[in-house]
Amino acid sequence: MSDAIHLIAAKQLVTVDETFGTPANPLGVIEDAVMVFDAEKILWVGERDRYPENLYSDACWLIDPKLTEDKVILPGLIDSHTHPVFAGDRAKEFEQRLQGVSYQEIAANGGGIQTTVKATREASEEELFALAKKRLERMLSFGVTSVEAKSGYGLDRQSELKSLRVIARLQQALQMRIVPTYMGAHDIPDEYKANPDQYVQRLCDELIPEVAESALAEFCDVFCDEGYFNAEQSRAILQAAQNHGLGIRIHADEFKAIGGCEVAGDLKAASADHLLNITDSGIAALKAGETVATLLPGTAFYLRLPYAPAKKILEAGIPLALATDFNPGSCMSENLQLVMTLACLQMRMTPAEVIKAVTIQAAKALKLEHQKGSLALGKSPDFVVFDVANYQELLYHFGVNFVEHVVIGATLVHTTHARPPLPCLSSFD
């Protein structure tokens, strides 16, 4: 790994660092800024005219400052809830929903997740890898440098392990940080529909221990909702995961509040996700459990459902993250920037709240906050150069991808330029 020291300039450096934050400047924005970093960590952040050039006399520009000094730099975006490993599509179900058939009705008739399970079980590991790689590369192009990736479309031992191996291969192939989550509890497989408790027992006694032993997952997730796993079953699954050293997260209160948030709070889950129908009891539980509330407005938009009460959750003092929930059935989009604008328009979140939700709060949802999520001294130099005049424009001018450069660990991993801009122009000349 190179030990070279680099600089980058920006019209606005949105640090999301409390060191620079004030009530009037909640994102710690530095105007006319420069940042110094090596491949491992950020070394210096501040106003350009205050940079002590003799401090790092051998530092050089990673990108010609003329290409970035009128741009905005944010920490690398973090998508903390995605389902990128699957085969097939559900375009026909999309058309059914447009004709008035609900997501639950489609699932009850054998569609929904089970449609994707069939296609994913039949697909080879190579096919799944190629499909997922293309999806994650598309996320990267929208500025995502860290992403959570779930299994959950295999629902049998062989197919779930196949999916987790794909995620491990993706981490080797791509420079973005990929956090693997085992979700064998995404749905009850057809072969266990008559006896779901038997499947829960198998998850707890056999499948979760094997996944933990394989070191292919960092987290375990469960879909706690009407028609899927009830609160008692979800608690058993997540407790088994904790007992085997896995972090835990939960899909809760998407269609109906059945106690999922209470389970999350009791077990101190890292994140409880969806929350369209969260109750006051659920909010209190998440607060007590210090659990991040991860909201997925793209799913509410896609399924034409009421949005989660973001402002109520924020007012309760609960850390709030936003994610795409990219998946084949209820949010077929890798565009986190679009989700950010939906959060502003449909959940009345401010641009500052939204940016925190896809950076530092999303990092907390994945237990990465000490490494990622802000441009703070000592953290990983993961950042995105956006071709906008100020950070508000990123939310205001929607439907356009403003990413110009993506940098991970001092490496330029994506650029919209015809060829990478030449680095290493010395000093401020």
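The values are calculated or read from the model by the stated rules, or taken from the named source; none is laboratory data. All figures in this text were calculated on a predicted structure; none of them were measured in a lab. Here Cβ is always computed from backbone atoms with ideal geometry, including for glycine, and neighbour counts include all displayed protein chains. Quick note on the areas: whole protein, heavy atoms, side chains included, nothing else; ligands and nucleic acids left out. Shrake-Rupley method; radii C 1.70, N 1.55, O 1.52, S 1.80 Å.
So the values come out like this:
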{"item": "Relative contact order (percent, whole number), the chain, Cα cutoff 8 Å, 6+ residue spacing", "result": "20 percent"}
{"item": "Within the accessible area of the chain (1.4 Å probe), percent carbon and sulfur", "result": "49 percent"}
{"item": "Column: log10 I(q)/I(0), Debye, Cα scatterers of the range 47-172, q = 0.12, 0.14, 0.17 Å⁻¹", "result": "-0.64, -0.75, -0.95"}
{"item": "Under 13 Å, Cβ to Cβ, from Asp32 - net charge with Lys/Arg +1 and Asp/Glu -1", "result": "-1"}
{"item": "Links that overshoot a 21 Å alpha carbon limit, given the list Lys256/Lys312; Lys150/Lys311; Lys268/Lys364; Lys287/Lys367", "result": "Lys150/Lys311"}
{"item": "Cα gyration tensor shape for the range 145-268, rounded if a/c is under 1.5, else prolate or oblate", "result": "prolate"}
{"item": "C-alpha center-to-center spacing [the range 184-223, the range 43-60] in angstrom", "result": "52 Å"}
{"item": "Accessible surface ranking that places the most exposed of Glu160, Glu40 first, with a 1.4 angstrom probe", "result": "Glu40, Glu160"}
{"item": "Most positive-pole-ward Cα, Ser57, Gly260, Gln346, against dipole of the chain from beta carbon charges", "result": "Gln346"}
{"item": "Three-way shape label, the range 282-381, alpha-carbon gyration tensor, a/c 1.5", "result": "oblate"}
{"item": "For Glu315, solvent-accessible area (1.4 Å; no DNA, RNA or ligand), Å²", "result": "150 Å²"}
{"item": "Separation between Cα centres of the range 93-146 and the range 318-395, rounded to whole Å", "result": "22 Å"}
{"item": "In nm, spacing of pseudo-spin labels at Glu122 and Glu393 (7 Å Cα→C-beta vector)", "result": "4.8 nm"}
{"item": "Reachable aspartates and glutamates, given that their alpha-carbon falls under 18 Å from the alpha-carbon of Lys41 and they are not under 8 places away in the same chain", "result": "Asp3, Asp17, Glu18, Asp58, Glu369, Asp382"}
{"item": "Virtual spin-label span in nm between Glu47 and Glu226, 7 Å along Cα→Cβ", "result": "5.7 nm"}
{"item": "Approximate spin-label separation Leu98-Gln171, in nm, with each point projected 7 Å along Cα-to-Cβ", "result": "3.9 nm"}
{"item": "Whichever aspartates and glutamates have a C-alpha closer than 17 Å to that of Lys134, once near sequence neighbours (fewer than 8 apart) are set aside", "result": "Asp79, Asp89, Glu125, Glu126, Glu148, Asp325, Glu334"}
{"item": "The range 77-184, relative contact order in percent, only Cα pairs under 8 angstrom and at least six apart counted", "result": "35 percent"}
{"item": "Residues of type lysines that Lys193 reaches as a straight line, Cα spacing below 18 Å, ignoring anything fewer than 8 places off in the same chain", "result": "Lys118"}
{"item": "Stretch gain in nm, segment Ser281-Ala108, where the contour uses 0.36 nm per residue and the Cα spacing is subtracted", "result": "59.4 nm"}
{"item": "Heavy-atom surface of the chain, accessible at 1.4 Å and reported per residue (Å²)", "result": "40 Å²"}
{"item": "Mean separation of Cα contacts under 8 Å (6+ apart) over length of the range 16-72, as relative contact order %", "result": "20 percent"}
